[in-house]
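Notes to accompany the following structure.
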4 protein chains.
Amino acid sequence: MIQFQCDYNEGAHPHIIQRLIESNMTQSVGYGEDPYCDEARALIKSACEREDVDVHFLVGGTQTNTTVIAHTLRPYQGVIAATSGHINVHETGAIESTGHKVLAVPTADGKLTAEQIEEVMQAHIHEDGPEHMVQPGMVYLSFPTEIGTIYTVSELEAISTVCKRHSLPLFVDGARLGYGLCSPESDITLPMLAKLTDIFYIGGTKVGALFGEAVVITNEALKKDFRYSIKQHGGMLAKGRLLGIQFATLFTDNLYMNISRHAIDEALRIKATLQAKGIPFLIDSSTNQQFPIFNNEQLASLSTEYLFSIWQVVDKQHTAVRICTSWATQTKNVDQLIAAIEQL
Amino acid sequence: MIQFQCDYNEGAHPHIIQRLIESNMTQSVGYGEDPYCDEARALIKSACEREDVDVHFLVGGTQTNTTVIAHTLRPYQGVIAATSGHINVHETGAIESTGHKVLAVPTADGKLTAEQIEEVMQAHIHEDGPEHMVQPGMVYLSFPTEIGTIYTVSELEAISTVCKRHSLPLFVDGARLGYGLCSPESDITLPMLAKLTDIFYIGGTKVGALFGEAVVITNEALKKDFRYSIKQHGGMLAKGRLLGIQFATLFTDNLYMNISRHAIDEALRIKATLQAKGIPFLIDSSTNQQFPIFNNEQLASLSTEYLFSIWQVVDKQHTAVRICTSWATQTKNVDQLIAAIEQL
Amino acid sequence: MIQFQCDYNEGAHPHIIQRLIESNMTQSVGYGEDPYCDEARALIKSACEREDVDVHFLVGGTQTNTTVIAHTLRPYQGVIAATSGHINVHETGAIESTGHKVLAVPTADGKLTAEQIEEVMQAHIHEDGPEHMVQPGMVYLSFPTEIGTIYTVSELEAISTVCKRHSLPLFVDGARLGYGLCSPESDITLPMLAKLTDIFYIGGTKVGALFGEAVVITNEALKKDFRYSIKQHGGMLAKGRLLGIQFATLFTDNLYMNISRHAIDEALRIKATLQAKGIPFLIDSSTNQQFPIFNNEQLASLSTEYLFSIWQVVDKQHTAVRICTSWATQTKNVDQLIAAIEQL
Amino acid sequence: MIQFQCDYNEGAHPHIIQRLIESNMTQSVGYGEDPYCDEARALIKSACEREDVDVHFLVGGTQTNTTVIAHTLRPYQGVIAATSGHINVHETGAIESTGHKVLAVPTADGKLTAEQIEEVMQAHIHEDGPEHMVQPGMVYLSFPTEIGTIYTVSELEAISTVCKRHSLPLFVDGARLGYGLCSPESDITLPMLAKLTDIFYIGGTKVGALFGEAVVITNEALKKDFRYSIKQHGGMLAKGRLLGIQFATLFTDNLYMNISRHAIDEALRIKATLQAKGIPFLIDSSTNQQFPIFNNEQLASLSTEYLFSIWQVVDKQHTAVRICTSWATQTKNVDQLIAAIEQL
């Protein structure tokens, strides 16, 4: 079986493995205060074109979301997010476990709009007795979203403006950040993200690393004591150097962007084939996740050799699946899948 | 101004005040272990026609909901509730502050259905990797609902059956219980509630008491250590006897039901007048809360002398308001309001 | 049995009952925004000789401690308290239930010292990797303490100075505040408390009220959104006027201090009798709680007519008990107890 | 500088690195449901000589402690632990962040005794109003302890007996488990731990792995839904196979025990040298952590080439340090340190 069901099927990019081997028996201090982490921090600051940000490394996405949100909010505040946001559906209530409500806003395409955020704020402000309701305290969005859509610069600027107006820190979950930045439809860059958000993270787990997420804090007020929050939420890796080594490698010679682009190229090849074949999509995505709707016969045929995620049963005859590519996707496997689709 | 905006504008029923005066300088032990609480517990068990239930007294509704839900759920579980449920909108995230997600289900009339609960369970069970999502762990519903609707026996039986099938404790918030039981459209009784639910509470704050809610636990598994949960959530009143005195009075000579019926009678007189006048309603309610939709002129006219809650702006010309009666509503005030409505 | 085991055996001072009766059927808005609460707030500000403080009313002590501490701390911070502090032993982990560690410091007499607080801070600051430990975030102390001792002005000033130096908000639990202020050994006044602390509360439950605690916030930074915290922790009483009426009464004509002084007078009469009889004390207290050590025979003899709290088994022959007086203690009952002690 | 300050200075055992390289581009499903994790689970069950246990893999120690304790306790319960226990001092209040108090018991040597646990239980049971206090709900101990001491079989049996009597699950933190099992003074084995505890974990981070802890659940009641708890606490690694690969390697050909024994051998060589030199110890340890007390001159001399942890300033002239060996400690470095000590 060739696996396209997710973007974390393999280990890490060979350059990372190589540096792990080379440094394996070198001694270093723990908890992210080693030279590898320092190197990675410097490289990320440079990529963000900002020297004044704080960079921290955590192990996984749920942990990172929980840590950032719990660090940012006051106890009676909640986080505005799309109903389809990862924190609202796929983190076993980790956000709520730290005491905070997710103020979920339904969206058609997984993307919050500035207008929706403004509406939430207006509704709260004009409530008779707002203290009986959760106070909106920050905004969470994913770039790219959980269903492969992306915010444009103008959309993100509008959101940033609303957030600033209401003193809502803006947090961007970049678990698949590379795949968003490299989308042909994206006009966002890393420096822009660093400019428009208060805190965001650069996903490693799904983009070339064994594991790891790099949190970038741009808002001065959120920097204080962040290491306490990391530790409390179990994200302070004893051998923190492992994170430093991985991110230093990913941000050397543009590796992070290069491998992301590879994933996008392969995804778009699959997309084009599906389109040519007249297969409809649940949603139009320009990133590494594609959501075609197969009929039962098509799905049965492809499922003999390819593993997809079942995403949504559309009707008795049709099912939307998720097909993921990643930095690790092999071109020959995509060639084979494309041939199989063409023969449906 | 005559106030109809809520059902907790006055103090307590005179019988309660009388007993508070009489017992004021009597000494008793604290924390609900006094003879008054014992008396109240016995009377409530009798009214529920069950000797095997546990009865506890807490101070307020948010506190009671929080305590019951935190006591019942495992950390990774959430509570299924209507989107309009009090715990989902008007408790400042108290449920989430104890670590639990409210699994909100949209409803047209504030009432959950057995089918909706079954759907939530099926969706969870059939999830690929259910442990990535909050596990539904109990069901919360309000009787009557926050918008004055009521469940019938057959609806509640169906819900109870679904809950039992999935081992979901069923919790009924009875903040306005008397006003639901006394609705002319209700076929529910207190013994039925005690039979069909795992835990519920009898609201005092809105039905004749200064404050206080009586929790009835029918499910053996939920009884253990409930006093620890009360204390931890700040609900163990030092002078617990105040709660005992109030509930003992309310459950003597059928006072609780008699004063509830008065509120309903007055509400239905107002409703009939509004209907005769052709004024539409946001929702059809047979309880002490009525939700007429006034045009701007009507609202301006009535607002010179009567205080209502603004419930929802329907359009530029119309606003839905909430008119509440209660045990304390004076007939002459209702007469006056009726006359004013008739003259609109 | 005459009960001396605690200071919340009776209802409320007759003046309070009187005002509850008079206002019972008056209508008012809920949640502490009524004229009675406004009146009480004005009276308390005046008693504190500060117009710039915020005053809020909550129902009980555990609830108040939890709300204040959860409102004040960041998630990774803890509260410094005496090991014998109420929050550390008798609140069923309510503080921890909001995510915070009590940083307990052993004391001989229930009183924290400025030196101890400084030591805790130095230990934390000089830790190699302080982020691996809970950060001390505020100081909690009780006035009077749980064992009847009191801080002097100079002690409190020293504590306040250390707290300011380390930006630690100082919170004083005044559940028995009146009984501390009226101790003949106390040189503290209400205005001093308002000057030396960041937040404190004036206990009503144990000092004349049916229930209720008045929180006074002097630190500007802690004022914001406190009503959200009250609501989230279940402390926002629907009929908030009940709290307003009680505190307005207590702060009219110096009632709060007068009834506190009565309790102290009666306690000191008992203390003098015990001393004259040569009965030792577990701790020397000048407040309404006395802790004599009786031998088994003495205890058996007194226990036929008087109820005390068993405080500590000293050895096989001796037991320390707690004898409490209160605003409600009747002089004739104390006369009788004194006679009984004299006849031991 | 040669680093002896902790036992997580290097990467992983070469066998692990080798298997990571070999499997790097193999595809597998995520979240611990891959064949590598299955293999590791089977090997650990076999090493525990119990087929009926559940085995889960988490990333780090604080995360594991938090997850296990939050999964086990009811909201109003606390965990009994030594005051020096890792959860009480070095986890930034992670346990409290999930709502639970650590019921800390002072010890001379870092080891809880059965008698102390019994005392805590008796004190709680005989409390007048136990619901006002945190209910002891489980026992946490570390093997070996944070200061290198170890429990004997008879001590652990006594603890297990007390725990069973009071229905307290017994949880053993085995962050350094190998170094405890291989101590020459230890008579504990892995199957014994699996027999005497309800849940424990086998530390990987400090014993040969890059990271990772293997939780073994022997108590049937604790098995249910543990994966939900892992996910909620951010411990469910996307590429769970990394944990499977590491633990499968460690439990192949007795690698875990062999590398632990190496660390002990080297530690005991250092210990013998220190003893021969007449240097005193803060505590007598037979594990990989040694706590000699150096005078200032000795410490200054050694610190030019060797890095130790400063553990405790004994007096102005003396400081206790921690010297750690590990699976990665090089014999030549120990030889060099021994020579340096001999020349002091």
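Under 30 Å from A:ILE17 (Cβ atoms) and more than 14 Å from chain D (Cβ to nearest Cβ) - does that describe any residue in region A:297-320? Explain how you work it out, then say what you get.
Of the residues in region A:297-320, the ones under 30 Å from A:ILE17 (Cβ atoms) are A:305-309.
In the following step, the residues that additionally are more than 14 Å from chain D (Cβ to nearest Cβ) were identified as none.
Checking region A:297-320: not a single residue is under 30 Å from A:ILE17 (Cβ atoms) and more than 14 Å from chain D (Cβ to nearest Cβ).
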Name the pairs whose Cβ atoms lie under 8 Å apart, with the first residue in region B:181-195 and small (Gly, Ala, Ser), the second outside any loop (DSSP other than H, G, I, E, B) and surrounded by 20 or more Cβ atoms within 10 Å (Cβ to Cβ), and 6 or more positions between them or separate chains? B:SER183/B:ILE264; B:SER186/B:GLY180; B:ALA194/B:CYS48; B:ALA194/B:PHE200; B:ALA194/B:VAL216
Any chance region B:230-243 includes a residue that's under 20 Å from the mean Cα position of the chain (by Cα), in contact (Cβ under 8 Å) with a residue 24 or more places away in the chain and either in a helix (DSSP H, G or I) or surrounded by fewer than 22 Cβ atoms within 10 Å (Cβ to Cβ) (or both)? yes
Give D:THR26, D:THR83, D:THR98 a once-over and let me know the one that is touching a Pro at 6+ places or on another chain (Cβ under 9 Å), farther than 27 Å from D:MET192 by Cβ and not small (Gly, Ala, Ser). D:THR98
Quickly run through region C:193-206 and pick out the residues that are more than 9 Å from chain B (Cβ to nearest Cβ) and either among the aromatic types (Phe, Trp, Tyr) or farther than 21 Å from C:VAL153 by Cβ (or both). C:PHE200, C:TYR201, C:GLY204
C:ILE199 vs. criteria within 20 Å of C:GLU51 (Cα to Cα), modelled with pLDDT of 95 or more and β-branched (Val, Ile, Thr): yes
Within region A:123-144, work out how many residues are away from chain C (no Cβ under 14 Å), under 19 Å from A:PRO169 (Cβ atoms) and not hydrophobic (A, V, I, L, M, F, W, C). 2
In region D:163-180, residues that are open to solvent by less than 20 Å² (accessible area, probe 1.4 Å) and farther than 21 Å from D:HIS71 by Cα total 4
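If a residue must be in a helix (DSSP H, G or I) and buried (at least 18 other Cβ atoms within 10 Å of the Cβ), how many such residues does region D:263-291 contain?
So in region D:263-291, the residues in a helix (DSSP H, G or I) come out as D:263-276.
Pick out the ones that are also buried (at least 18 other Cβ atoms within 10 Å of the Cβ) and you get D:263-264, D:266-268, D:270-271, D:273-274.
Result for region D:263-291: 9.
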Of the numbered conditions (1) of a type outside the set (Gly, Ala, Ser); (2) in contact (Cβ under 8 Å) with a residue 60 or more places away in the chain; (3) closer than 28 Å to A:LEU255 by Cα, A:ARG74 fails exactly one; give the number of that condition. (3)
For region A:217-226, state whether one or more residues are open to solvent by 10 Å² or more (accessible area, probe 1.4 Å), farther than 26 Å from A:ASN254 by Cβ and of a type in the set (Phe, Trp, Tyr). no
Just give me the residues in region C:125-144 being at pLDDT 95 or above, closer than 30 Å to D:THR98 by Cβ and not in a helix (DSSP H, G or I), in sequence order. C:MET133, C:VAL134, C:GLN135, C:PRO136, C:GLY137, C:MET138, C:VAL139, C:TYR140, C:LEU141, C:SER142
Among (1) touching a residue at least 60 places away in the same chain (Cβ under 8 Å); (2) over 20 Å from C:ASP109 (Cα atoms), C:GLN289 falls short only on (2)
Filter region C:132-155 for residues that are closer than 22 Å to C:GLY180 by Cα and among the polar types (S, T, N, Q); which is most open to solvent (accessible area, probe 1.4 Å)? C:SER154
Being out of contact with any Ser or Thr (no Cβ under 7 Å at 6 or more places or on another chain), outside any helix (DSSP H, G or I) and farther than 26 Å from A:MET133 by Cβ is the filter here; which residues of region C:177-215 pass it? C:SER186, C:ILE188, C:THR189, C:PHE200, C:ILE202, C:GLY203, C:GLY204, C:THR205, C:GLY208, C:ALA209, C:LEU210
Is it true that some residue in region A:218-240 is within 29 Å of D:ASN24 (Cβ to Cβ) and more than 14 Å from chain D (Cβ to nearest Cβ)? no
Quick check on region A:81-88. Is at least one of its residues touching an Asp or Glu at 6+ places or on another chain (Cβ under 6 Å) and more than 22 Å from C:ILE95 (Cβ to Cβ)? yes
Might you let me know whether region D:150-169 holds any residue that is away from chain B (no Cβ under 14 Å), assigned to a helix (DSSP H, G or I) and under 30 Å from C:GLY61 (Cα atoms)? no
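The values are calculated or read from the model by the stated rules, or taken from the named source; none is laboratory data. All values derive from a computational prediction rather than experimental measurement. Virtual Cβ from ideal backbone geometry, glycine too; neighbours counted across all protein chains shown. Heavy atoms of the whole protein, side chains included, go into the accessibility calculation; ligands, DNA and RNA do not. Shrake-Rupley method; radii C 1.70, N 1.55, O 1.52, S 1.80 Å.
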